[in-house]
Amino acid sequence: MKYFALLITLFFINFNQKTDKLIGRYNYLIEDDNAYILKDKITFKDSIFAFDNKYLPKGKVSYGNVILLDNFINTDLIISIPKDQIEKDTIPFFMHDKKSSSANYLDEVVGKGKLVRIK
């Protein structure tokens, strides 16, 4: 009976776990002069994201303490997303330039925006 209860408990723990990855389609908005401008749509699948605009390259998603979107629009721009925000429908993000003069480019924010889930 103990093993049966343990099996049921483990099943429910595994069943109730949340995903910690970006999945689905989002609009991305860039902040410009305290207003948000709609730019394009992005589709996230596992560790890759792609823009609806076919001329923009696909990018890679790195999951860690902070989620990083590499190769965002160009190879020098990287996006950081706080990990606790990915369950929300509106996700704030910060843009960083890899060619920044600071020692750690993630410390210097060059822009910000929002990802809005498309339902």
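Structure summary
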item: Cα gyration tensor shape for the stretch 68-118, rounded if a/c is under 1.5, else prolate or oblate; result: prolate
item: Two-site FRET efficiency, residue 65 against residue 112, from Cβ-Cβ distance with R₀ of 22 Å, rounded to 0.05; result: 0.70
item: Reach of residue 119 by Cα under 18 Å, taken over lysines that are not fewer than 8 positions away in the same chain; result: 21, 39, 41, 45, 88
item: 19 Å Cα-Cα reach of residue 98 towards lysines, excluding residues that sit fewer than 8 places from it in its own chain; result: 58, 60, 112
item: The stretch 43-119 - percent of accessible surface contributed by carbon and sulfur, probe 1.4 Å; result: 52
item: Solvent-accessible ranking of 105, 26, largest area first, probe 1.4 Å; result: 105, 26
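The values are calculated or read from the model by the stated rules, or taken from the named source; none is laboratory data. These numbers come from a predicted model, not from an experiment. A quick note on method: Cβ atoms are made from the backbone with ideal geometry, for glycine too, and the neighbour counts reach across all protein chains shown. In case anyone asks, the SASA skips ligands and DNA or RNA and just uses the protein heavy atoms, side chains included. Shrake-Rupley method; radii C 1.70, N 1.55, O 1.52, S 1.80 Å.
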